[in-house]
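Trainee: The structure that follows is given in the form of structure tokens.
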Amino acid sequence: MLIINQIDTVEQLEGVIRKVLKENPGTKSQPPEDELVVIEQAAEILHLSVPTVYGLHHRRKLPGVCKQGKRLFFIKSELIKYLKSGRTKTESELSAEAVTELQNVNKSK
């Protein structure tokens, strides 16, 4: 392996870096989906405003939240799954469903 102080030019350094990366392809960083993102990036991924993301976090509606001190981090892959899962039912839809289920249970007794 080459010793760093033997490298004279930028081109040589770039060549060494390319060679090392080719020899060690498994040394890549985390896949982009598994990376942690800050709230501004999460808002961009979700196509929401930052205050809306704070609100969803406060109501515990967002998955993959990590809190470090006062900062919030989100797991990008979890946010993408959340988007792909579709919309959640509104409270009125859930209430109507619950009433229907209770009526069905009472009819069967």
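Trainee: Please identify the pairs in which a residue from the range 1-28 that is surrounded by 10 or more Cβ atoms within 10 Å (Cβ to Cβ) and of a type in the set (A, V, I, L, M) has its Cβ atom under 8 Å from the Cβ atom of a residue that is in a loop (DSSP other than H, G, I, E, B) and modelled with pLDDT under 75, counting only partners at least 6 apart or on another chain.
Mentor: Here the result reads Leu13/Ile7; Val16/Leu2; Val16/Ile7, each pair linking the range 1-28 to a residue that is in a loop (DSSP other than H, G, I, E, B) and modelled with pLDDT under 75.
Trainee: Hey, Leu72 hits all of (1) buried (at least 16 other Cβ atoms within 10 Å of the Cβ); (2) aliphatic (A, V, I, L, M); (3) outside any strand (DSSP E or B) but one; which does it fall short on?
Mentor: Going through the list (1) buried (at least 16 other Cβ atoms within 10 Å of the Cβ); (2) aliphatic (A, V, I, L, M); (3) outside any strand (DSSP E or B), Leu72 breaks only (3).
Trainee: Which of the residues spanning the range 36-53 are assigned to a helix (DSSP H, G or I) and either of a type in the set (A, V, I, L, M) or within 15 Å of the chain's Cα centre (by Cα) (or both)?
Mentor: Selection gives Ile39, Glu40, Gln41, Ala42, Ala43, Glu44, Ile45, Leu46, Val50, Val53.
Trainee: Output the residues belonging to the range 37-53 that are in contact with a His (Cβ under 9 Å, 6 or more places away or on another chain) and charged (D, E, K, R).
Mentor: Selection gives nothing.
Trainee: At pLDDT 90 or above, surrounded by 10 or more Cβ atoms within 10 Å (Cβ to Cβ), on the phi < 0 side of the Ramachandran plot and not small (Gly, Ala, Ser), is that true of Val38?
Mentor: Yes: the conditions hold for Val38.
Trainee: Report yes if some residue within the range 83-100 is basic (Lys, Arg), loosely packed, with under 13 Cβ neighbours inside 10 Å and modelled with pLDDT of 90 or more; otherwise report no.
Mentor: No - not one qualifying residue is present in the range 83-100.
The values are calculated or read from the model by the stated rules, or taken from the named source; none is laboratory data. Remember, it's a predicted structure, so these values are computed and weren't measured experimentally. Here the Cβ is made from the backbone with ideal geometry for all residues, glycine too, and neighbour counts use every protein chain on show.
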